[in-house]
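To start, the structure itself, in structure tokens.
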Amino acid sequence: MMLRQWAFVVACASFIVATPASAQISAITDVTVINPRNATVSDHQTVIVSRRRIVKIQSRADHLPKGSALIDGSGKYLIPGLWDAHVHLSKAGAISLPLFVANGITGVRDMGSDLEQVKQWRLEIDRGARVGPEIKTSGQMLESQANIARMKREKTIEPVDKLRIGLSNPDDGRAAVDKLASEGVDHIKMRTTPDLPTFRAVSDEAKKKGLPFAAHPVAPAEQLMDGRLQSVEHLLEFPLVDRTPEAQKALYTRMAHSGLFMSDTSANLNAFTALSYDEVVRRINDRAGVLDSRNKYVCGYLLADWQEQTQDLRGPEGRAAYDKLKAQLPTIYRNDREMSQDGVQFLAGTDTAVMLMYPGFSLHDELWSLVHSIGFTPMEVLRIATSNVASFYKQESRYGAITRGQEANLVLLDRNPLEDIRNTTAIRGVMLKGQWFDRHALDLLLDQAAKSARTDCPSLSRSTN
């Protein structure tokens with residue numbers, strides 16, 4: 001029996017409510033299974049899914065459970081659902097949620113948003129009232145109070161108090177962690193800190209609450225590890241520190257042993273440094289998607305925020321920072337290669353909501369960069385974007401691989417991603433917790449998102465600053 005792909009599709013305000021019809025049991029037949037967790041490739045496999053989980057993987061397409069809904073995988077490649085490990089959902093907006101799914105991203109690590117808003121979206125996703133990925137969230141990011149005061153003086157478009165919690169001292173840090181933990185966050189995110197004691201206080205409190213702690217490089221790398229940080233975002237350090245080769249290797253070996261993940265967002269760095277100011281402005285004003293088709297999904301608050309971000313490039317300070325980063329990129333990527341060779345584990349993120357980082361789409365740029373800028377193999381990159389996130393949360397038994405008992409978050413590809421990592425964009429279908437979205441269903445999600453961007457894209461209201 002063939003699977004009916006959709007029970008209904010209802011356009012609703014700025015998002016789409018979609019429920020794929022799914023049988024009790026589905027079988028993806030005669031497919032090549034790529035399992036990045038153990039770096040294996042198995043041809044002519046049939047993956048059987050029941051009640052949101054993988055229940056069996058067999059080498060024969062017969063002897064299937066009675067009434068199985070069949071999905072033809074012949075000549076195709078099956079990978080675990082991808083994760084974008086650095087996004088900002090409140091800034092990207094509700095319109096972003098189906099865009100992640102349409103791009104094969106079944107999970108995101110939200111790194112600074114309005115917690116109540118994200119919790120509501122997550123509830124709607126869990127209930128089947130909204131299409132979107134699994135969300136792990138930090139809620140509001142932690143920020144130096146001085147930096148928050150600066151943002152308010154400058155009257156930034158961002159509703160600062162909804163997205164950030166200001167810290168002036170260690171007591172503020174402990175109180176913020178306690179508050180976020182009580183509200184159900186999955187990890188703690190620090191962007192800036194007033195001082196090193198506050199960083200340490202946040203780290204200690206997060207550990208007491210059993211929450212992973214992620215931060216920008218707010219202190220020297222050695223201090224980050226002393227503070228038991230679990231992931232450092234974007235860069236290990238900037239500006240770069242000049243060390244001897246021996247000291248560099250010792251640092252990276254210590255990173256690997258400490259379990260500190262390097263959360264890479266090199267797609268963001270590449271996009272930021274590849275274009276001139278005038279080119280960036282032309283891209284952002286390209287509402288019809290002539291220069292970049294992804295622009296037709298950008299609207300509302302996100303568009304206004306991008307336009308504000310471009311102003312940072314205009315002055316001499318912004319240009320100096322741009323030129324310095326561009327000059328140091330080859331060294332940054334060389335250091336990343338050395339980190340990986342010394343055993344440091346990576347995550348793949350985009351910083352979605354930052355200028356020219358498109359929800360869903362830009363993760364594929366990140367995967368390309370991990371291969372071509374840093375030097376990972378495609379299999380290593382697939383592990384980084386799937387299994388490593390499960391390792392970060394210590395949830396390897398739930399997701400990140402194609403094995404019995406895992407949640408059925410899967411991406412079916414027309415072409416082999418091990419031959420060319422860009423083939424992760426050749427998506428034939430996505431299975432999200434057992435629900436199957438074929439190519440037509442994914443295109444409907446994209447079409448509805450584009451329509452919402454043109455006609456009904458909400459703003460993110462500013463808090464009282």
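When region 215-233 is filtered for residues that are surrounded by fewer than 19 Cβ atoms within 10 Å (Cβ to Cβ) and either within 22 Å of the chain's Cα centre (by Cα) or small (Gly, Ala, Ser) (or both), only PRO217 remains. The set of residues in region 439-456 being hydroxyl-bearing (Ser, Thr, Tyr) and open to solvent by 20 Å² or more (accessible area, probe 1.4 Å) consists of THR455 alone. Scanning region 382-396 for residues that are open to solvent by 50 Å² or more (accessible area, probe 1.4 Å), closer than 14 Å to ASN35 by Cα and either of a type in the set (S, T, N, Q) or not in a helix (DSSP H, G or I) (or both) turns up just one, GLU396.
Residue by residue, here is whether (1) of a type outside the set (Val, Ile, Thr); (2) touching a residue at least 24 places away in the same chain (Cβ under 8 Å); (3) closer than 30 Å to PRO245 by Cβ holds:
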| site | (1), (2), (3) |
| --- | --- |
| PHE272 | yes, yes, yes |
| SER276 | yes, no, no |
| ARG287 | yes, no, no |
| ARG294 | yes, yes, no |
| LEU302 | yes, yes, no |
| GLU308 | yes, yes, no |
| GLY315 | yes, no, no |
| THR331 | no, yes, yes |
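All conditions but one from (1) in contact with a Ser or Thr (Cβ under 6 Å, 6 or more places away or on another chain); (2) open to solvent by 20 Å² or more (accessible area, probe 1.4 Å); (3) not β-branched (Val, Ile, Thr) apply to PRO133; the one that does not is (2). The set of residues from region 323-355 being closer than 19 Å to VAL280 by Cβ, open to solvent by less than 10 Å² (accessible area, probe 1.4 Å) and either of a type outside the set (S, T, N, Q) or touching a Phe, Trp or Tyr at 6+ places or on another chain (Cβ under 7 Å) (or both) comprises just one member, ALA353. Scanning region 293-348 for residues that are in contact with a Ser or Thr (Cβ under 6 Å, 6 or more places away or on another chain), among the aromatic types (Phe, Trp, Tyr) and under 30 Å from ASP456 (Cβ atoms) yields a single hit, TYR301.
So, of the residues in region 206-264 that are under 28 Å from LYS179 (Cα atoms) and of a type in the set (Lys, Arg), which turns out to be modelled with the lowest pLDDT? Going through the qualifying residues, I end up with ARG228. Pick from THR265, THR253, THR198, THR244: which is exposed (fewer than 15 other Cβ atoms within 10 Å of the Cβ) and either in contact with a strand residue (DSSP E or B) (Cβ under 7 Å, 6 or more places away or on another chain) or within 25 Å of LEU382 (Cα to Cα) (or both)? Exactly one residue qualifies, and that residue is THR253.
The values are calculated or read from the model by the stated rules, or taken from the named source; none is laboratory data. Values in this document were obtained by computation on a predicted structure and should not be read as measured data. Neighbour counts are summed over all protein chains in view; Cβ atoms, including those assigned to glycine, are modelled from backbone coordinates with ideal geometry. Surface accessibility is based on the protein's heavy atoms, side chains included, excluding ligands, DNA and RNA. Shrake-Rupley method; radii C 1.70, N 1.55, O 1.52, S 1.80 Å.
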